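The values are calculated or read from the model by the stated rules, or taken from the named source; none is laboratory data. Bear in mind that the values here come from a model prediction, so they are computed numbers and not experimental data. Cβ sites come from the backbone with ideal geometry, for glycine too, and all protein chains shown count toward neighbours.
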Amino acid sequence: DAEHASQVIAAARERGRAILTVGRDGEALKLASLSRDGFAQRLLIRHDGESYDIRLPLLGDYQAANALLAAGLAIAAGEPAARVLPALAELEGVKGRLEIVGNVRGALIVIDYAHKPDALEAALTALRPFAPGRLVCVFGCGGDRDKGKRPIMGRIAARLANHVIVTDDNPRSERPEAIRAEILAGAPGSREIGDRAEAIRAGARLLGHGDLLLIAGKGHETGQIVGPTVLPFSDHEAVRAALSETPING
């Protein structure tokens, strides 16, 4: 299903390689359907005349695609499909990659490492089906890095989320308020809270039943780079603190 799959397949055939295709258009592993199942996904996979109904405990279309590709590699290496495909239901996600870190009274909080435009767009798009209510996004951009992406990411967040809170994310040697201003140029009307922990608390306070909060940019990181100093900071810890003091609206 990848954009350049046809070219890769053609090149492999020219070299006489065995080909195993997976995905919605796959021949070896065909993804017949994909649907939301609570805070997971239901995959119907067809292989060699058999159908496998799998509940994948990961969010997002691209995580389903990655899981299917991993299954295809295992099968190509000789593992039986009857063993490989049911094992997808036991997968655990990578820390800080579309990771569910809070589920309180029907409101979901997710942390993702997305810190580039394509990644932020992919994360918000992947999470929209899991947000029957409002989609809230807290994010910032790093200092001493590509400045051109800042308004672009602001526009992406403003287009795909219902509420956007712009905050700090490793400002390094730059002035944090200048970075935020460049993001806000693409997302006018969004809320600005420089203190990342306070921004996360504010995002949590917005949540009601059916809403989803995406905290993007830092993922697994455990520090905030300010000037030459790395200050201890974790989105995971900030979420725990926010939930301990902020009730989710019913």
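Candidates are the residues of region 143-158 that are out of contact with any helix residue (DSSP H, G or I) (no Cβ under 8 Å at 6 or more places or on another chain) and of a type outside the set (Lys, Arg); the one that is surrounded by the fewest Cβ atoms within 10 Å (Cβ to Cβ) is Gly148.
Residue pairs whose Cβ atoms lie under 7 Å apart, separated by 6 or more positions or on different chains, with the first residue in region 42-70 and under 16 Å from Ala82 (Cα atoms) and the second buried (at least 19 other Cβ atoms within 10 Å of the Cβ) and of a type in the set (Phe, Trp, Tyr), are Ile45/Tyr52. Can you tell me which residues in region 76-102 are within 21 Å of Glu121 (Cα to Cα), outside any strand (DSSP E or B) and of a type outside the set (Lys, Arg)? The answer is Gly93, Val94, Gly96, Leu98.
Of all the residues in region 159-192, those that are surrounded by 18 or more Cβ atoms within 10 Å (Cβ to Cβ) and either part of a helix (DSSP H, G or I) or not assigned by TED's automatic domain parsing to the domain that holds Val136 (or both) number 7.
Just to be sure, is Ala197 surrounded by 23 or more Cβ atoms within 10 Å (Cβ to Cβ), under 26 Å from Leu59 (Cα atoms) and not hydroxyl-bearing (Ser, Thr, Tyr)? Criteria not met by Ala197. When residues in region 159-199 are screened for being β-branched (Val, Ile, Thr) and farther than 18 Å from Gly143 by Cβ, 2 of them pass. Checking the structure you have, find out if any residue of region 43-55 is closer than 30 Å to His220 by Cα and either at pLDDT below 95 or touching a Phe, Trp or Tyr at 6+ places or on another chain (Cβ under 9 Å) (or both). Within region 43-55, one or more residues are closer than 30 Å to His220 by Cα and either at pLDDT below 95 or touching a Phe, Trp or Tyr at 6+ places or on another chain (Cβ under 9 Å) (or both). Every test in (1) out of contact with any helix residue (DSSP H, G or I) (no Cβ under 9 Å at 6 or more places or on another chain); (2) modelled with pLDDT of 95 or more is passed by Glu27 save one, and that test is (2). Can you pull out the residues in region 71-98 that are surrounded by 18 or more Cβ atoms within 10 Å (Cβ to Cβ) and either touching a Cys at 6+ places or on another chain (Cβ under 7 Å) or touching a residue at least 60 places away in the same chain (Cβ under 8 Å) (or both)? Selection gives Gly96, Arg97.
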